[in-house]
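What follows is a set of notes on a single structure, which appears directly below.
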Amino acid sequence: MTMPMSSMTGSIVGKRFYKQVTTREADDGNGWNVMLDYRTLKTPSKRPLKLPTLALAKAIAAEWDYQVCFISIECYWICKS
């Protein structure tokens with residue numbers, strides 16, 4: 001079985017490595033984070049992704065939770081815009 005390729009980078013996209021997707025208030029109380037198990041979702045520059053509203057954090061969390069077996073960048077409409 002071959003793993004899917006990212007249309008953005010041409011690299012192999014990995015298997016889903018997390019079990020639970022949640023949101024929580026940022027440590028400084030100013031914004032929201034998306035959590036993959038106990039890990040905070042990070043930006044490409046390795047900084048924690050901090051979102052201004054709970055609604056946006058929940059929408060991005062839903063995109064990550066939608067992935068079943070493989071992580072496919074094509075399914076991340078909000079994250080890739």
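All of the numbers you see were taken from the coordinates with simple rules; none came from a lab. Please read all numbers here as calculations on a predicted model, not as lab measurements. No Cβ is skipped: glycine too gets one built from the backbone with ideal geometry, and neighbour counts run over all protein chains shown.
Dipole magnitude for the range 21-73: computed about the Cα centre from +1 point charges on Lys and Arg Cβ and -1 point charges on Asp and Glu Cβ, it is near 180 debye. Amide H contacts of residue 23: 35, each under 5 Å away and 5 or more positions distant or on a separate chain (H built 1.01 Å from N in the peptide plane; Pro and chain starts excluded).
At a Förster distance of 22 Å, what's the computed FRET efficiency of residue 30 paired with residue 66, Cβ-Cβ distance as r, to 0.05? Don't jump to the answer; show the numbers that get you there.
On the way: r = 28 Å, r/R0 = 1.25.
The computed FRET efficiency comes out at 0.20.
Gyration tensor analysis over the Cα atoms of the range 21-73 returns equivalent ellipsoid semi-axes of 19, 12, 9 Å (largest first, whole Å). Near residue 31, the amide H atoms lying under 5 Å from its own belong to 26; only residues 5 or more places off or on other chains count, and H is placed 1.01 Å from N.
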